[in-house]
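Encoded as structure tokens, the structure appears first; notes follow it.
The values are calculated or read from the model by the stated rules, or taken from the named source; none is laboratory data. The structure displayed is predicted, hence computed values, not measured ones. Positions of Cβ are backbone-derived with ideal geometry, glycine not excepted, and every protein chain shown enters the neighbour counts. For the accessible areas, the whole protein counts, side chains as well, though only heavy atoms, and no ligand, DNA or RNA atoms are used. Shrake-Rupley method; radii C 1.70, N 1.55, O 1.52, S 1.80 Å.
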Amino acid sequence: MDTTSLFTAALQLPDPWRVSGVEFRDEEDGRRELHIAIGFAAGSRFPCPEPGCGEAACPVHDARERVWRHLNFFQYKAFIHAGVPRVTCPAHGVHAVPVPWARPGSGFTLLFEAMVVELAKSQPVADIAEQVGEHDTRLWRFIRHYVDEARLCEGYTGVEAVGIDETSRKGHRYITVVADLVERNVICVVPGKDSTTIKRFARDFMDHNGDPDRVRLVTCDMSPGFARGIRERLPNAARIIDKFHVIKHANEAVDKVRKQEARGNALLKRTKYLWLRNESNLTGLQLETKRSLQRQRLKTGRACQMRETLQDIYDTGADRAEAETALKRLCSWMTRSRLEPMKEFARQIRRHWRDILAYFDHPYTNAILEGLNSVIQNIKTRARGFKNMDYFSTMIYLTCGKLDLSTVTT
């Protein structure tokens, strides 16, 4: 088998395409590149490229030279050169024929694009661009294309439970991430963290055959913007305040008490995590230190007991009625405690009373989103932040969206 036949077989070219030449070229920077010429036999005919046209043997009108970057051949950059034929169809006139190794308008082969998209799942695009010797803007262009195409194939008809959480993009600029709590994947990414983000999610949800009226529950934090947006755009959904966000606010209240008390008690300095961590996560020495401090009847010790009581309610509450009774007792205790941060936390619970108790009817949390958020933060850290919102959302969909890219990259 000669070289051209070997490369024709390796590229899996269908008739009438054939490799007509292969050569190495020396570039100005001293590197060598592999250039593969592809052509077709004189007199070849091609189907009309217009959808629905049955003309299968259109004559070639002319050909226009094109070049595509291909996968490296060993350590050498490889390029494909071909004259792309334009055919004359009796019904549709002159049109360019799509080539089998690249999508229309791209300067890269399908195999090159598929490789980069796969690498982008685990590497920053800037690093990939450096590895392959291309500008990252060119790579982003087709990565976004494939992610957008794959999302067009996504359908959310049966989605009834979603989780909503925000994360920072750069500085104080935020994005809101929506996940399917059953399938455990990201289904929507929108900028901002107010009620308009829920409006944009609902519009995108309907574009993918989702029905906002069929969403029966939403987990989120205590954001009033989210609450308003859910009422307006997801009218039949029960709003569930995520229990981890409630406990987070309890921890913040406990730490405020500790900071206030530490101003007059040096024993409390550098003891923050003794009070905020679960006792099962403390070492033997840390647990002994905490017990010793608790015997001194500290305000921080009382605040910590309140936070632990809240956790017990979540861990042992058998049903809504039992949890409601226990939560009333806890709020009463905090209100009478003369610890202002705990009193404010009790008022916060009462403001969101119904949505906090909804957890005991529907025990869903944002744990899935917290896990996805760690992946998202890792993406942001690897890329050293994203100035472009489209790039950031593309990477979130690519890594956390469970997209079926095989339908659009082959």
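A few notes on this one:
- Positive minus negative residues near L403 (Lys, Arg vs Asp, Glu; Cβ under 11 Å): -1
- M306 sits among other residues whose Cβ lies under 12 Å from its own Cβ, and their net charge, with Lys and Arg +1 and Asp and Glu -1, is +4.
- Viscosity 1.306 mPa s, 10 °C: Kirkwood-radius Stokes-Einstein D of segment 3-148 over Cα pairs, µm²/s: 95 µm²/s
- As a rough guide to protection, the peptides 382-390, 306-314 ranked by mean Cβ packing within 10 Å, highest first, stand as 306-314, 382-390.
- By average C-beta atoms within 10 angstrom, highest first, the peptides 229-237, 23-31: 229-237, 23-31
- Cα-based helix-to-principal-axis angle, 195-207 vs the chain, degrees rounded to 10: 40 degrees
- Legend: residue pairs K199/K243; K248/K380; K121/K402, Cα-Cα distance threshold 19 Å; pairs beyond threshold, K199/K243; K248/K380.
- Packing-based order for 143-152, 394-403, 182-191, using average beta carbon neighbours within 10 Å, highest first: 394-403, 182-191, 143-152
- Segment 225-322: equivalent-ellipsoid semi-axes (sqrt of 5 x gyration tensor eigenvalues, Cα, Å): 33, 16, 11
- Listed by chain and number, the aspartates and glutamates placed with their C-alpha closer than 18 angstrom to that of K259 are E340, E344; residues fewer than eight positions away on the same chain are left out.
- Taking other residues whose beta carbon is less than 15 angstrom from the beta carbon of M222, and scoring Lys, Arg as +1 and Asp, Glu as -1, yields +2.
- Convex hull per residue volume in Å³, alpha carbons only, for the chain: 213 Å³
- All aspartates and glutamates inside 15 Å of K193 as judged from Cα atoms, apart from same-chain residues fewer than 8 positions distant: D165, E166, D221
- For the chain, the solvent-accessible area of protein heavy atoms averages 52 Å² per residue (probe radius 1.4 Å; ligands and nucleic acids excluded).
- Whole-percent carbon and sulfur share, accessible surface of the chain, 1.4 Å: 49 percent
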